[in-house]
Amino acid sequence: MCAITGLIDLNQTSSEAILKNMTDTMIHRGPDGGDQKLFEENNFQLGFGHRRLSIIDLSEHANQPMQFEHLWVCFNGEVYNFQEIKEELIGLGHSFKTQSDTEMILHAFAEWGNNCLDKFIGMFAFVIYDTQNQRIFCARDRAGIKPFFYYFKDGLFLFSSELKAFHQHPKFQKEINKDAVAAYMQFGNVPAPHCIFKSCFKLKPGHYFEFNISDLTPNWKPNLKEYWNVYDAYNKPKTTIPFAEAKKETEKVLQTACEYRMVADVPVGVFLSGGFDSACVTSLLQKERTEKLKTFTIAVPDIGLNEAPYAKDVAKHLGTDHTEVECNQKEALDLIPKIPFFYDEPFGDSSAIPTTLVCKMARKEVTVALSADAGDEVFAGYNRYDYLMKFGGKINNIPSIVRKSIAGMMNVVSADKIPVLKNKYNFANRYEKLKGILRNPSPEQIMLSLSRQFDDIQIAHLMNTEVKPLELAYFSTQLKAEFHSPLSYMLAIDYQTYLPDDIMQKVDRASMTSSLEGREPFLDHNVVEWAAQLPDDFKYHNGIKKHILREIVYDYIPKELLDRPKMGFAIPIEDWMMNELREQVQEALSTDKIKAQGIFNPQAVGQIRDQFFAGKKELGLKIWYLFMFQAWYAEWMEK
């Protein structure tokens, strides 16, 4: 786990100092060392920069940028099966100087070219420079666990793990992409391959591109090639084996994925929330170990975030070495001003705050921590799947005029005025999204309504200039009709959108803020390729989400320790903005400030702001997205 950055400058205006500044902006990702290499060629400069967090082969021999013959690599991530691939390469005549997976990547690329990607199990983003042919190869892992940004304009190509490195190059032009701003306001993130800046992009998960330096003409665009797609798994017949056999095979696949992610030359721990996903990872790892796993849980009781008692019971039952840290509201609030620096694109997922806190806590004892992200997207754990499966058909049966009338009444009645329900977890946000579902309850529209805060009409009113909808994976038609089901549709969409654009970005930045490597067993591609072929009933059974995963965990942990409502990592941002953050929010969203920026419609922002402070709590997430954008703008555009 590290940070990578680099440049190709056809105008030859770059320097070692610029490259070092780009690299050192990400020292939090790699505090154990850093180096850079600048190639001065006849008609261009090429630079690689690297910050290292030492995980495997802690010696200096594994430092980067690394060379093998005419190939150089800059690599961020882990290839967990590198020893197996290394043995295969040794059999083909290769010899190695280090014990690192980095060196293996160079040899694998030399042996198999871009087909080496098919052999890798892991998380990665890397760039290889072939000095003989002046050729560049860029790749990103299948699920998008590791970030990869790139930029090209006026003869300057930049790449990096984080956008902040680009700001250190004097020729980087930070022009805001207003279409991307609109997408952020809808989804709380800027979806790949798009970026908040013009001429800047994210490499899509499961993709690579390669080019010769001579290809970098003014109109150059990368020829993106896909080497893996989750739809290839969903577009296969469902398995016909009995549930008991499927359960055994699922556990076997998960066990292998978990064990791969324990390989390290530094201490490893596991995040344990007390929910099914983290309990599954912990159970599978602890069951055959005599030494106690280190497990970690965080609690922030005064904001209603406290799964610690449940996690403690699970840890005690499994016999782990458990650490429970209690934080307070002030520690959570103090993190908010730091979010724009570490999340250097606008980012609206407020669970970044508790995620950052738990990573900071875990880093005191371990350098690597396994988490259970993607269990929901792979095994059907989100409430939105429940809504579609239980209510999609029923809502469709309500006459259109009645549905739209109900949605209209909901616009008048605030969520905070609904008895009993107003106290339910995340009710205000769900109340707001229900309006969109009532207007159009098709599976596609339900998915979209539950995933965004503003529809296209609302976003047109919010923005100060006309914007174009971005091309998004939400509208994918790759799921073939013969394999289509509402559940498969939603799972595949989430795997390509919410998972990499929100969850993985959140976890990457939260962990790297504290120089902690996060590892995700559920994101092993073998897991989703297997789970995609399980019948829907194995995942969602009689209203029970993650059915097969639950049955696996019940073999290790009593039901009474786990069967309770899903808590999530939600925090009371509406209450904070009404109280502790009120002045900051009002200042950030003041009419004068909005007018001066020229991005949003001052009248539209003012209307949402005033209605929220008048008590319409369901507008809280819209306000939070605006507030987080303003904080990002102040950090990266005004400073």
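Bear in mind that the values in this text are calculations on the coordinates, not laboratory data. This structure is a prediction, so every number in the text was calculated from the model and none was measured. Glycine also receives a Cβ, built like all others from the backbone with ideal geometry; neighbour counts cover every protein chain displayed.
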> At a Förster distance of 22 Å, what's the computed FRET efficiency of LYS287 paired with ALA244, Cβ-Cβ distance as r, to 0.05?
Replying inline: 0.70
> In angstroms, what radius of gyration and Dmax does the range 572-639 have, counting Cα atoms only?
Replying inline: 11.3, 34
> For the chain, what's the relative contact order in percent, using C-alpha pairs closer than 8 Å and at least 6 residues apart?
Replying inline: 16 percent
> For GLN453, which sequence-distant residues (separation of 5 or more, or a different chain) have an amide H within less than 5 Å of its own amide H, given hydrogens modelled in the peptide plane?
Replying inline: PHE187
> Ranked highest first by average number of other Cβ atoms within 10 Å, how do 535-546, 469-480, 75-86 line up?
Replying inline: 75-86, 535-546, 469-480
> For ILE90 and PHE475, what is the calculated FRET efficiency with R₀ set at 51 Å and r taken between the beta-carbons, to the nearest 0.05?
Replying inline: 0.65
>> What is the ratio of the Cα radius of gyration of the range 145-234 to 2.2 N^0.38 Å, with N the residue count, to two decimals?
In response: 1.16
>> Testing the spin-label approximation: label points 7 Å from Cα along Cα→Cβ at ALA596 and LYS330. State their distance in nm.
In response: 3.1 nm
> With a 10 Å Cβ neighbour count serving as the proxy for reagent exposure, in which order, fewest first, do ARG403, ARG135, ARG140 appear?
Replying inline: ARG135, ARG403, ARG140
>> Please arrange CYS359, CYS195 by how many other C-beta atoms lie within 10 Å of their C-beta, fewest to most.
In response: CYS195, CYS359
>> Students often check this: by mean Cβ neighbours within 10 Å, which of 518-525, 61-68 ranks highest, and how do the rest follow?
In response: 518-525, 61-68
>> Given points 7 Å out from each Cα along the Cα-Cβ axis, report the TRP220 to GLU111 separation in nanometres with one decimal.
In response: 3.1 nm
> GLY6's amide H: which non-local residues (gap 5+, or another chain) put their own amide H closer than 5 Å, with H modeled 1.01 Å from N in plane and none for Pro or chain starts?
Replying inline: GLY49, PHE159
>> Please compute the length gained on full extension between ILE457 and ASP154, using 0.36 nm multiplied by the number of residues separating them and subtracting their Cα-Cα distance.
In response: 105.5 nm
> Using θ = phi - 60° and the Karplus curve 6.51 cos²θ - 1.76 cosθ + 1.60, what whole-Hz ³J(HN,Hα) does each residue of the range 189-206 get, with Gly and Pro shown as x?
Replying inline: 7, 9, x, 5, x, 7, 9, 5, 9, 5, 6, 10, 9, 10, 5, 5, x, x
> To the nearest 20 debye, what is the magnitude of the charge dipole of the chain about its Cα centre, counting +1 on the Cβ of each Lys and Arg and -1 on the Cβ of each Asp and Glu?
Replying inline: 2020 debye
> Considering the dipole of the chain built from charges on the beta carbon (Lys and Arg +1, Asp and Glu -1) around the Cα centre, which of LEU284, GLN603, ILE339 is farthest to its positive end?
Replying inline: GLN603
> Of the GluC sites (Glu not before Pro) in the range 480-570, which ones lie in a loop per DSSP and count no more than 12 other C-beta atoms within 10 Å?
Replying inline: none
> Using alpha carbon coordinates only, what is the Rg to Rh ratio of the chain, with Rh defined as the Kirkwood radius?
Replying inline: 0.95
>> So if I place +1 on the C-beta of Lys and Arg and -1 on the C-beta of Asp and Glu, and nothing else carries charge, what would the dipole magnitude of the range 2-226 be about its Cα centre? I want it in debye, nearest 20.
In response: 900 debye
> Amide H to amide H under 5 Å from HIS322: which residues, 5+ apart in sequence or cross-chain, H placed 1.01 Å off N in plane?
Replying inline: THR295
> If you take the beta carbon distance between LYS338 and ASN526 as r and set R0 to 35 Å, what does 1/(1 + (r/R0)^6) give as a FRET efficiency, to the nearest 0.05?
Replying inline: 0.45
>> If each residue of separation counts as 0.36 nm, what is the full-extension length gain between GLN607 and GLU60 once their alpha-carbon separation is subtracted?
In response: 191.2 nm
> What Cys residues in the chain have no fellow cysteine's beta-carbon under 4.7 angstrom?
Replying inline: CYS2, CYS74, CYS116, CYS138, CYS258, CYS280, CYS327, CYS359
>> Checking the table LYS221/LYS593; LYS238/LYS545; LYS146/LYS364; LYS97/LYS364; LYS225/LYS546 against a 25 Å threshold on Cα-Cα, which pairs fail?
In response: LYS221/LYS593; LYS97/LYS364; LYS225/LYS546
> When a footprinting reagent is the concern and you count Cβ atoms within 10 Å, what order do LEU158, LEU58 take, fewest first?
Replying inline: LEU58, LEU158
> What order, most packed first, do the peptides 87-97, 177-187 have when packing is the mean number of other Cβ atoms within 10 Å of each residue?
Replying inline: 177-187, 87-97
> Quick one: Karplus J couplings for the range 581-586, per residue in order, coefficients 6.51, -1.76, 1.60, θ = phi - 60°, nearest Hz, x for Gly and Pro?
Replying inline: 9, 3, 5, 5, 5, 5
> If a helix is a whole DSSP H run, which ones in the chain reach 18 Å or further along their own axis (Cα) and hold a mean Kyte-Doolittle hydropathy of at least -0.5?
Replying inline: 400-412, 620-633
